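Quick note: the coordinates plus some simple rules give every number you see, no bench work behind them. Note that the structure is predicted; figures quoted are calculated from it, not measured. Cβ placement follows ideal geometry from the backbone for every residue including glycine, while neighbour counts extend to all protein chains displayed.
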Amino acid sequence: MDTLLQQLINGLTLGAVYALVALGYTMVYGIIGLINFAHGEVVMIGTMVAFTVIVSLAGSGMPPLMILGIGLLISVLVCMALGWSLERVAYRPLRGAPRLTPLITAIGMSMVLQNVAMIIWGRNYITFPPMIEKHIFTVGGATFTNVQVAIVTLAALVMSGLIYLVHRTRLGMAMRATAQNPQVASLMGVDINRVIAMAFVIGSALGAVAGCMVGSYYEIAHYQMGFMLGLKAFTAAVLGGIGNLAGAMAGGILLGVIEALGAGYIGQLTGDFLGSHYQDIFAFIVLIVVLMFRPSGLFGERTGDRA
Amino acid sequence: MNDQVKTSVPWQRHWMAVVLIGVVLLAVPFVAALGGQAWVRIANFAILYVFLALGLNIVVGYAGLLDLGYVAFYAVGAYVYALLASPHFGLHLPFWVILPVGAGIACIFGMLLGAPTLKLRGDYLAIVTLGFGEIIRIFLNNLNAPINVTNGAQGITLIDPIRIGDFSFADTTTVLGVAISGPQKYYFLLVALAIMVIIVNIRLQNSRVGRAWQAIREDEVAAKACGINTRNIKLLAFAMGASFGGIAGGVFSAMQGFVSPESFSLMESITILAMVVLGGMGHIPGVILGAILLTALPEVLRYGIEPLQQAVFGRMIIDPESLRMLIFGLSMVLVMRFRPAGLWPSPQRRRELAESAN
């Protein structure tokens, strides 16, 4: 029982991060049908910027929570600008191009961002300075830290904010309209370009928050960290039904929990034949099995016949 | 119909061009050797990637199925060769047994992946194939315990070169006073294989199956309504693409003498896909061009960047390795920006794009 509860807690933390990143993929996909491969790299840049800000403010005598807050804020702002420029420079000129063209552009941008990060921050692992003093809580044999509580709480807050934005504001309405039918939406006076740019900006902001969480949870960062994280988050988005916001959140948390449980129990399940280094396999096996039975993801609508 | 006439005639009409290409192909390994055997190896990889890209072209370009895990089949072929012709298991089967076996096993893997997933559409298929590729790589990385099958991350070494009787592709032989090195021999083998896959691609394009693929690519429901067995035809595309991947993997194994899971990362799949799309999806000359450019560009940059920085700044300012990949990524973005249908798209596709733009 102890391990079960423990793995559930760890999975929830990881899942909250996946969910935030997955939202970035799903928002862009829902509106323009593009797999934004560079999104994982945006998350990585978010982590790196937060790291730089926190390290440079660490000796300034400010209270640690304030330093963290400033780091988060600047990282969110930088990523928003990055997301906006990505859309503007790389993807907007390709609207109406064959479907695979923007995909290759996205892959190219992801390489560019990765290598820019490597030039700026070097090719070694970066250690995050611990800003919050860690407290460890024990409940029913399982332990968790205040960092984990903060991650889950912040993720819940951000996601509620996003739901409010999408369902209760004019911008949100415009986004939903564009996702349904861009032509008709533009006839109704929706500025399509602005809506698409906003999807990128908001998605990148969520990614930056997730990036800061990853940094403070694992306490290390690396210029290649965005790749696997982005891949997992994209898997989560597809698992939930890509283009569906609630699906991305559920998919992210589900994926995190499955991974944690899988890593904890794979040895017992297979009689020690497979060890916990197979952790990364779970995400993909679950994905394949789910899509076999629900080809549009858990909460996705049936997609049209456009291949 | 016009296209069909055009593609079947060029052998007779353009015999000059064919002769010229033949001469260039013959000369390449000897010219490259002037710069060192490293350049011959680069030429070999360019041809190997032509082979792989044309294999993937069947899946992505003809049938329109976005496959992001193509490298899995390449890996299967490479490991089949490595396991059956190395001291790892003490097996040393001849290549003409292993290559077909590798192709067959890769083909089975292709069908294993395809059968349950082909009802998925578009991007869902893409992510499942991607996941499949990662699963294969993770297994290759970890199947060294409890039974050591793949030797884990260390990979398998001392793989036999391709050998026919006493004629080994690994050492230098002198023919008519000309010394032909190992990599140069592999070059000619690869060219022969590439010509084979080009012919298969051309023949497929205008066959009944090729037209069925095209119909599925354009509109699956309509294709089904016309009596095409879409499931089997899609499965066939997957299986054929996978077999080519398997053969390429076998040759890769023999040529390198060493395989490890590192060679079969997702990035490799993506690079091969980029070759297909960047060159011009579904158009054979375009795909060939894409494969050669994307293999050559990073290498040229590798040798070009250091001296250039020295000349301009007088010292190394930026790490050449990351600058190289940065330029590589940037050029992918730029090509797609200015030639959205690829560098050398098929005339038909260009027409369609021009129509839809108006």
Quick one: grab Rg to one decimal and Dmax as a whole number for the range B:39-114, Cα atoms only, in Å.
-> 14.1, 42
GNM result for chain B, Cα springs below 10 Å: residue of B:SER207, B:SER86, B:SER322 fluctuating most strongly = B:SER322
Quick one: net charge around B:GLY133, please, counting Lys, Arg +1 and Asp, Glu -1 for every other residue with C-beta under 13 Å from its C-beta.
-> -3
Apply the Karplus parameterisation 6.51 cos²θ - 1.76 cosθ + 1.60, with θ equal to phi minus 60°, to every residue of the range A:134-150 and state each ³J(HN,Hα) to the nearest whole Hz, in sequence, with x for glycine and proline.
-> 6, 10, 10, 9, 10, 10, x, x, 9, 10, 8, 9, 5, 5, 4, 4, 4
The range A:200-258 and the range B:202-247: distance between their alpha carbon centers, rounded to Å | 36
Quick one: net charge of B:MET255's neighbours, Cβ under 14 Å, K/R +1, D/E -1?
-> +1
What longest region of chain A stays clear of GluC sites (Glu not before Pro) that DSSP places outside H, G, I, E and B and that have at most 12 other Cβ atoms within 10 Å?
-> A:134-300
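Can you list the trypsin sites (Lys or Arg not before Pro) in the range A:97-146 that are in a DSSP coil and have 11 or fewer other beta carbons within 10 angstrom? Present the calculation step by step, with values, prior to reporting the outcome.
Numbers: sites: A:ARG99, A:ARG123, A:LYS134; in loops: A:ARG99, A:ARG123, A:LYS134.
Counting only loop positions with at most 11 other Cβ atoms within 10 Å, the trypsin sites (Lys or Arg not before Pro) in the range A:97-146 are A:LYS134.
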Please identify, among B:MET16, B:MET281, B:MET240, the residue showing maximal mean-square fluctuation in a Gaussian network model of chain B using a 10 angstrom Cα cutoff.
-> B:MET16
Find the Rg to Rh ratio for chain A, where Rh is the Kirkwood radius over alpha-carbon pairs and Rg uses the same atoms.
-> 0.97
Across peptide B:323-336, what mean number of C-beta atoms from other chains lies inside 10 Å of a residue's C-beta?
-> 6
Rg and Dmax of the range B:2-357 over Cα atoms: what are they, in angstrom?
-> 21.0, 68
Write down the Kirkwood hydrodynamic radius of the range A:43-93, to one decimal in angstroms, obtained as one divided by the mean of 1/r over all alpha carbon pairs.
-> 11.7
Rh (Kirkwood, all Cα-Cα pairs) for the protein assembly as shown, Å, reads 26.5
Relative packing of B:244-251, A:201-208, which averages over residues the other C-beta atoms within 10 Å, highest first | B:244-251, A:201-208
quick shape note, the range A:1-117: Cα extents on principal axes in Å, largest first -> 50, 45, 23
For chain A, with a Gaussian network of springs between Cα atoms less than 10 Å apart, report the residue from A:GLY230, A:GLY215, A:GLY61 with the top mean-square fluctuation.
-> A:GLY61
The range A:115-151: chymotrypsin sites (Phe, Trp or Tyr not before Pro) falling in loop per DSSP and having at most 16 other Cβ within 10 Å = A:TYR125
Inter-label distance, nm, simple model (7 Å from Cα along the C-beta direction), B:LEU91/B:LEU297 | 3.9
Give the share of C-alpha pairs in each 5 angstrom bin for the range A:186-255, from 0 to the last occupied bin, in whole percents, shortest bins first.
-> 4, 14, 17, 23, 18, 12, 7, 3, 2, 1
Rounded to the nearest 0.05, what FRET efficiency is calculated for B:SER207 and A:ALA81 with R0 set to 51 Å and r the Cβ-Cβ distance?
-> 0.50
Given the alpha-carbon gyration tensor of the range A:1-68, what are the semi-axes of its equivalent ellipsoid in whole angstrom, ordered largest first, with each equal to the square root of 5 times an eigenvalue?
-> 28, 24, 9
Could you work out, for the range B:250-294, what percent of all Cα-Cα pairs fall into each 5 Å distance bin, beginning at 0 Å and stopping at the bin that holds the largest distance?
-> 6, 22, 19, 19, 19, 12, 3
Sum of side-chain charges, B:LEU113 neighbourhood, beta-carbon under 15 Å (Lys, Arg +1; Asp, Glu -1) | +2
Quickly work out the B:ILE199-to-A:ARG194 label distance, labels modelled 7 Å from Cα along the C-beta direction, and quote it in nm with one decimal.
-> 6.2
Going 7 Å from the Cα of B:LEU176 in the Cα-to-Cβ direction, what parts of the range B:14-36 have a backbone nitrogen less than 15 Å from that spot?
-> B:23, B:26-27, B:30
Calculated from DSSP H runs of 4 or more alone, at -39500 (n - 2.57) each and per residue, what is the 222 nm mean residue ellipticity of chain B, nearest 500?
-> -23500 deg cm²/dmol
Radius ratio Rg over Rh of the range A:141-266, counting only Cα atoms, Kirkwood formula for Rh | 1.03
